[in-house]
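> First the structure, then my questions, so here it is.
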Amino acid sequence: MLVNLYTLGSEQTGATRDELLASHRGFAEDTARQLTDLGIRATAEARTGDAAHEIIAAAREHHADLIVTGSRCLEGVDRWFLGSVARNVLVHAEA
């Protein structure tokens, strides 16, 4: 599980960022624990930065042979302005 958080760098935003990162880290650990209980090997990880870059880096570091990501189904101008993490992972991940 990778988490992407953006901030403007203010002290107030930085505190919020730290709280969000801790919350997402806890969510990742709970999810990994549930998967492990089901017999599925899982490792919790929370990162900050560009989501596609971090997903690809984590997949490379863990020697993953499958990357699963979701999509918000943005269309038109929204997709053009906001980009697509799933598309960037698909295009830039090693085959």
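The values are calculated or read from the model by the stated rules, or taken from the named source; none is laboratory data. Values in this document were obtained by computation on a predicted structure and should not be read as measured data. Glycine also receives a Cβ, built like all others from the backbone with ideal geometry; neighbour counts cover every protein chain displayed. Surface accessibility is based on the protein's heavy atoms, side chains included, excluding ligands, DNA and RNA. Shrake-Rupley method; radii C 1.70, N 1.55, O 1.52, S 1.80 Å.
> How much length is gained if the chain between residue 58 and residue 43 is pulled fully straight, taking 0.36 nm per residue apart and subtracting their Cα-Cα distance, in nm to one decimal?
Here the segment from residue 58 to residue 43 would lengthen by 4.3 nm.
> Just how much of residue 35 is accessible, in Å², when a 1.4 Å probe is used and the result is rounded to the nearest 10?
Near enough 60 Å² of accessible area.
> Quickly work out the residue 73-to-residue 31 label distance, labels modelled 7 Å from Cα along the C-beta direction, and quote it in nm with one decimal.
Here the modelled spin labels are 2.0 nm apart.
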